[in-house]
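Working notes, structure below.
The values are calculated or read from the model by the stated rules, or taken from the named source; none is laboratory data. Values in this document were obtained by computation on a predicted structure and should not be read as measured data. Don't worry about glycine lacking a Cβ; one is built from the backbone with ideal geometry, like all the others, and counts go over all protein chains shown. SASA here: full protein model, heavy atoms, side chains in, ligands and nucleic acids out. Shrake-Rupley method; radii C 1.70, N 1.55, O 1.52, S 1.80 Å.
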Amino acid sequence: MSDLFLGFDLSTQQIKVVAVNDELNAEVQCHVEFDVDTPEYKTRKGVYTNPSLNEVYAPVAMWIKAFDILLEKLRKAGLDFSRVKSISGAGQQHGSVYWSEDAAFTLANLDHTKPLETQICPNAFSHQFSPNWQDHSTVSQCEALEEAIGGPDAIANITGSKTHHRFTGPQIMRVRERHPDEYYNTARISLVSSFFASLLLGKIAPLDVSDVCGMNLWDITKETFDEKIINIVAGGGSESRDDLLQKLGSVEADGSKNLGFISDYYVKRYGFASDCIITPITGDNPATILALPLRPNDVIVSLGTSTTLLVSTPIYKTSPQYHLFSHPTTRGLYMGMLCYCNGSLAREKVRDEINSKENDNFDDVWDNFNKAVISSTPLNITSEKKNKIGIYFPLPEIVPDAPKGTWRFLAKNEDIELITNGHEVDSTWNVPADDARAILESQNLSMRLRAGPLLSSNGKPRRVYVVGGGSKNSAICQVTGEVLGPSEGVYALELGSNACALGAAYKALWALKRKQKGDEYESFEDFLESRWDENVMLKKVDVGYRSGIWEKYGEALHAFEKVEEVIVS
Ligand code: XUL
């Protein structure tokens, strides 16, 4: 039996695992869904919400219970745990976990006859909840940070991103202000990624080199926490600053580092090999770019609950419009990212409105939506040669920083006219049929507008790789190809809905099996490229660049920018 390498993914709605062998084949996949498998926590889509304060958060104990269930499921599926040689993983980004003084002892002394949850919770935590990336409660903290540091450009220049409500620095600042006792009783703060690594190691793990860039605290080029920002988040004074630095602990710069052997707990309870190593667990987006050998000027579009666009770039060029992170495996590279809250839920809302008007005799719930997309023309152009541009934000959006709402515009060149705002009806716009193409176009136009500076000079990617639930939908892939216009086409990754767990498993494999050439180790990209068979791993789902159409969308970008200005104001 060959060796196995595990990649876990602790995401918003579920925890997953993929086991790959030496040849990159996924032998085992398994998941546990929080709402369904841990119903006693009564979460909806994995979280609790408190709309009056714009809070979104998750109970940490639920994740641990779900991990217990996942390991039992793997055992029942017959996985021989002793074949596992190394483990890595991915965590939803930005979430923070607050460990108590008891945590170190508890983690080091786990009793293998009992599940994890009952021994760890609640005592190992000073605060039982983890703020979630969908949280918007930190407006005042973000404002205070921006004012002190000198505005969005200045913060982006240091930390790779302007301040964002979901980023961990503003979230920690809010926990300190709203829950001072819990903050005071916190011995260590982990990200979701390093929390998970800590569970596996039986000791608190360092922060990951890439995921730490989602905190607004880390100076990416100096590779240290920014003193001024730490001071403000900690509440002022050198004692508070030192205390926060102590809570955060160190950052592991080497993505392949052997952090230690798996805790004895898993060896005794499940039969893991005692020399199975744990390597840094990273964020879900950084792990996604490890699911294939991504080259500069290639783009990954992840079509999940959130939509994210990911690129790999050697250039550290920051902007408040996007995020830059250190690359999870390769020094000298950065991951550029756009992140939208309104991804699949917004598309599903339009789909459901179309289905409620059409006959419901369909094979696939997307049939009517897709028919509406395919039978329409780019920008739903009217007989008066006006383009239809629609914006659909059931949730407040991150980029642009806009309130929730639905807006429909007609645009001729750069002249735009708002024709419906919310539920009004206008005879020029066939609601909801025209919305199908319009939502896909506006989601892609927004990405094209912002990703331009991260791509080659003409702004056209070489390839677009689509992953996540939406990548299975042909109409979604078609409009992505039409608007972004990749010269070699759009490709869906086999196992695309498990991309980040897969990327994490590849990272675990690379950490153990990469070759050493002199003093240098084989890079992740070279390692993956040498084992990767794109005919097996990829499926071409759209031709991409279409002469004339890509240019037409390019012309519409000016009107699109104006549309965004209107909705933001
Ligand atoms: C990225 C972000 C989301 C989460 C989803 O900044 O907030 O993509 O990582 O888990």
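Here is the figure for region 549-569: residues that are open to solvent by 70 Å² or more (accessible area, probe 1.4 Å) and of a type in the set (A, V, I, L, M, F, W, C) total 1. No other residue among Trp99, Trp63 is under 27 Å from His323 (Cβ atoms), hydrophobic (A, V, I, L, M, F, W, C), more than 16 Å from the ligand (Cβ to nearest atom) and buried (at least 18 other Cβ atoms within 10 Å of the Cβ) apart from Trp99. Screening Gly202, Gly151 for residues that are without any contact (Cβ under 8 Å) to a residue 40 or more places away in the chain, more than 16 Å from the ligand (Cβ to nearest atom) and among the small types (Gly, Ala, Ser) leaves exactly one candidate, Gly151. Name the residue that is nearest to the ligand (Cβ to nearest atom), counting only residues in region 122-135 that are surrounded by fewer than 18 Cβ atoms within 10 Å (Cβ to Cβ) and touching a residue at least 40 places away in the same chain (Cβ under 8 Å). Applying the filter and picking the extreme gives Gln128. So for region 439-449 (the condition being of a type in the set (Gly, Ala, Ser) and either closer than 21 Å to Ile398 by Cα or open to solvent by less than 10 Å² (accessible area, probe 1.4 Å) (or both)), does at least one residue qualify? Yes, region 439-449 contains at least one residue that is of a type in the set (Gly, Ala, Ser) and either closer than 21 Å to Ile398 by Cα or open to solvent by less than 10 Å² (accessible area, probe 1.4 Å) (or both).
With the requirement that a residue be of a type in the set (A, V, I, L, M) and more than 22 Å from the chain's Cα centre (by Cα), what does region 512-539 give you?
So the first thing to find is which residues in region 512-539 are of a type in the set (A, V, I, L, M), and the list is 512, 528, 536-538.
Result: Leu512, Val536.
Taking region 246-289 as the search range and keeping residues that are of a type outside the set (A, V, I, L, M, F, W, C) and within 16 Å of the ligand (Cβ to nearest atom), which one is surrounded by the most Cβ atoms within 10 Å (Cβ to Cβ)? Checked region 246-289; the qualifying residue surrounded by the most Cβ atoms within 10 Å (Cβ to Cβ) is Thr282.
One residue stands out among those in region 332-353 that are touching a residue at least 40 places away in the same chain (Cβ under 8 Å), more than 15 Å from the ligand (Cβ to nearest atom) and surrounded by fewer than 21 Cβ atoms within 10 Å (Cβ to Cβ): the one that is farthest from Phe167 (Cα to Cα), which is Glu353. Based on this model, can you work out whether Phe325 counts as more than 16 Å from the ligand (Cβ to nearest atom), surrounded by 22 or more Cβ atoms within 10 Å (Cβ to Cβ) and within 27 Å of the chain's Cα centre (by Cα)? Taking the combined requirement at face value, the residue does not satisfy it. Within region 395-424, the only residue that satisfies the criterion of being closer than 21 Å to Tyr340 by Cα, aliphatic (A, V, I, L, M) and more than 16 Å from the ligand (Cβ to nearest atom) is Ala402.
With the structure loaded, tell me whether Ser446 is of a type outside the set (Asp, Glu), farther than 25 Å from Asn355 by Cα and out of contact with any His (no Cβ under 6 Å at 6 or more places or on another chain) or whether it fails that test.
Numbers: of a type outside the set (Asp, Glu): yes; farther than 25 Å from Asn355 by Cα: yes; out of contact with any His (no Cβ under 6 Å at 6 or more places or on another chain): yes.
So Ser446 fits the description; yes.
On the given criteria, is Asn157 over 26 Å from Lys257 (Cα atoms), among the polar types (S, T, N, Q) and either within 16 Å of the ligand (Cβ to nearest atom) or under 23 Å from the mean Cα position of the chain (by Cα) (or both)? In short, yes. Scan region 303-322 for residues that are within 11 Å of the ligand (Cβ to nearest atom) and either β-branched (Val, Ile, Thr) or part of a loop (DSSP other than H, G, I, E, B) (or both) and the total you get is 6. Which members of region 15-53 meet the condition of being farther than 23 Å from Pro394 by Cα, among the polar types (S, T, N, Q) and open to solvent by 80 Å² or more (accessible area, probe 1.4 Å)? The one that is farther than 23 Å from Pro394 by Cα, among the polar types (S, T, N, Q) and open to solvent by 80 Å² or more (accessible area, probe 1.4 Å): Gln29. Only one of the listed residues (Asn498, Asn535) is crowded, with 19+ Cβ neighbours inside 10 Å, polar (S, T, N, Q) and assigned to a helix (DSSP H, G or I). That residue is Asn498.
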